[in-house]
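Since the structure comes first, as structure tokens, the remarks are kept for the end.
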Amino acid sequence: MIKDFFQYEFLQNAFWASLLSAIICGVIGVIISQKKLFMMAGGIAHTSYGGVGLGFLLGIEPMITATAFSVISALIIGRVRKKGGRNSDIIIALLWSLGMALGVVFTSLLKGYPPDINAYLFGNILAVKKSDILIMALFCLIILIAFFMLYNYIISFLFDETFALVSGINPVFFENLILILIALSIILLIRVVGIILVMALLSAPSATASLICKNIKGQIILSSVFSFAFCLIGLLISYNFSVSSGAVIVFVAVISYLISLLLNKIINRKNR
Amino acid sequence: MNETVISIKNLSVSYGKYDAIQNISLDIKRGEFVCIIGANGVGKTTLLHTVLGFIKQYSGEVKVLGKNVKRVYKHIGFVPQTETCEKNFPITVEKAVLTATLGPKIIPFKYFSKNDCYKASKLLENVGLRGYEKRAVGELSGGEFQRMLIARALAQNPEILFLDEPTANIDTETADKIFSILSELNKNSVTIVLVTHDLGLAKKYSTKIINL
Ligand SMILES: Nc1ncnc2c1ncn2[C@@H]1O[C@H](COP(=O)(O)OP(=O)(O)OP(=O)(O)O)[C@@H](O)[C@H]1O
Ligand SMILES: [Mg+2]
């Protein structure tokens, strides 16, 4: 495996993709699990499938159109969540299906040989190209710079939106910023785990981290480490046994979360 | 000493068809300690939120320090009802207090200095939370959390401090302590506007009671 790693570029690409994904799962995953934005993130991810389809149809790089779809849906969902508490779930569910439906329609309009849709739906870490790595690195950089540049403001906003307003922080700006960061991270993760499986990687590592660590920096670091481990294990298994990498990564992530939940229960009981 | 800091004229607020506040007028002067009391649902929180600019649709006139409240946020402190916070958010007490010193200007890569942390410790000590700096906010009891919110509001260095039921869920002794802290602040010329259901404490400490 080690020898293969230096020999094959696709393994090196897979490694870098794992690393970039892990960093983002650390930062954005913690926000999503602390604010319980799982439904929203799922909605954004699935809506982006419409963008993937449109990209194929128009002959543009699908990741670009997918980015447009996910950012726009993130902003819509954010607006709806703010306005109507009860309606927001409905809107998310509808966007979720609508995005998928658009993707199906667009790809079925395609003439000729069908593109590899599965790679977008379920991810394929072994098929990540150099150009994908470049896009991922760019997104990762944007997310990290924005996050650390405004770290304390974002934390303040996440902790107490109402108070942030009184302390003079513009809540609309931060709300939209966070939504856009979530949308970009989902796009970044699509090549690795795919649209359908992305939620596991955005929730399991950060949820596991939150069981262990009670401060946010620690949670970000731990959750990155976990994600990296999950991706590498997934990579290893899928390379050696040629199973879908996205699916293996999700299996590993979910099982690890369940085990840590169990351990956490046992330790808590002992302490009592 | 008689400057009017909050002036409300003919204020009415409604949620859809339902009128929560009808035609209220009142003035609050600098240096007062005002307690707003009244039964559940008479519109105390609504009044506070309108004055703070959270509710945008109302009729009548509301001025804080002679201006639209948005322009004087840096002179205002606010202690919300605990429900608005993410109670289990993974930050330390110290950090939660210091969030009040951010804004309105956004400074890129703004991190807190030793000096900031020292100030936070002082404020925490004032509300009886000495040594709590590094604890996670999620570990605090209801009353401790409430006191942390007061320390956070004080970190804003306010001229006017608004509090929405700061002693709900708090034992009588601690509630009294919180009121006496506020009274102390009030003597140092901070105007206080506080919503409460505790008539006893309101009578003991406030300079004016408004019964909605
Ligand atoms: N978002 C809302 N939509 C519709 N009606 C509302 C809303 N918020 C409050 N109300 C109504 O407005 C009235 C005033 O509410 P408000 O929260 O100001 O009362 P309050 O005096 O603070 O009561 P409490 O002592 O229970 O805190 C209530 O009858 C309430 O039902
Ligand atoms: Mg109220």
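Every number here is computed from the coordinates shown, using simple stated rules; none is lab data. None of the values given here were measured: they were computed from a predicted structure. Every residue, glycine as well, gets a Cβ built from its backbone with ideal geometry; the counts of neighbours run over all protein chains shown.
Expressed as a fraction of 2.2 N^0.38 Å, the C-alpha radius of gyration for segment B:1-123 is 1.28. Would you list, by chain and number, the lysines whose Cα falls below 18 Å from the Cα of B:Lys134, excluding same-chain residues fewer than 8 positions away? Straight-distance partners of B:Lys134: A:Lys214, A:Lys217, B:Lys87, B:Lys95, B:Lys114, B:Lys119, B:Lys122.
As a quick test, which of the pairs A:Lys36/B:Lys44; B:Lys56/B:Lys177; B:Lys44/B:Lys74 have an alpha carbon distance above 32 angstrom in this structure? Violating the 32 Å limit, Cα to Cα: B:Lys56/B:Lys177.
Contact order for chain B, expressed relative to its length and based on alpha carbon pairs under 8 Å spaced 6+ residues apart, stands at 29 percent.
First check a/c for segment A:100-221, with a ≥ b ≥ c the square roots of the eigenvalues of its C-alpha gyration tensor; if it is under 1.5, answer rounded, and if not, answer prolate when a/b is larger than b/c or oblate otherwise. Could you put the intermediate results ahead of the total?
Values: a/c = 2.36, a/b = 1.86, b/c = 1.27.
Prolate shape, in that a/c is at least 1.5 and a/b is the bigger ratio.
In whole percents, the pair-distance distribution calculated for segment B:4-211 from its alpha-carbon pairs, binned every 5 Å from zero, is 1, 7, 15, 19, 20, 16, 12, 7, 3, 0, 0. Each Lys or Arg adds one and each Asp or Glu subtracts one; over the other residues with Cβ under 14 Å from the Cβ of B:His49, this totals -1.
Using unit Cβ charges (K, R positive; D, E negative) and no other charged atoms, how large, in debye to the nearest 20, is the dipole of segment A:2-271 about its Cα centre? Can you show the working numbers first?
Details: 17 positive and 9 negative charges, 133 e Å.
Dipole magnitude for segment A:2-271 comes out near 640 debye.
Checking the a/c ratio against 1.5 first, then a/b against b/c, what shape does the Cα gyration tensor give for segment A:26-92? The shape class here is oblate. Computed over segment A:2-271, relative contact order equals 30 percent, with contacts defined as Cα pairs under 8 Å that lie 6+ residues apart. Percent of C-alpha pairs per 20 Å bin in the protein assembly as shown, short distances first: 22, 46, 26, 6, 0. Both radii are taken from the alpha-carbon atoms of segment B:113-191; with Rh as the Kirkwood radius, Rg/Rh is 0.95.
Taking every alpha-carbon pair under 8 Å whose residues sit at least 6 apart, segment A:43-104 reaches a relative contact order of 49 percent. Working note: Cα gyration tensor of segment A:133-176, eigenvalues times five, square-rooted, sorted largest first, giving semi-axes of 26, 9, 7 Å.
Placing a pseudo-label 7 Å from each Cα along the Cα-to-Cβ vector at B:Tyr15 and A:Lys36 gives an inter-label distance of 2.0 nm. Taking other Cβ atoms within 10 Å as a rough exposure proxy, B:Cys117, A:Cys231 sort from fewest to most as B:Cys117, A:Cys231.
Think of segment B:91-212 as a dipole: +1 on every Lys or Arg Cβ, -1 on every Asp or Glu Cβ, centred on the Cα centre; then among B:Gly128, B:Val195, B:Leu98, B:Leu98 lies furthest on the positive end. The label-point distance for A:Ile142 and A:Leu110, in a model that sets each label 7 Å from Cα toward Cβ, rounds to 2.4 nm.
Within the set of other residues whose C-beta is less than 11 Å from the C-beta of B:Ile8, count the net charge using Lys and Arg as +1 and Asp and Glu as -1. Mind dumping the intermediate values first?
Details: positive: B:Lys9, B:Lys63; negative: B:Asp27, B:Glu61.
Local net charge: 0.
In this rough spin-label picture, where each label sits 7 Å from Cα along the Cβ direction, the B:Cys117-B:Glu86 distance is 2.3 nm. Here is the P(r) of segment A:2-271: all C-alpha pair distances, binned every 10 Å from 0, give 7, 29, 35, 22, 6, 1, 0 in whole percents.
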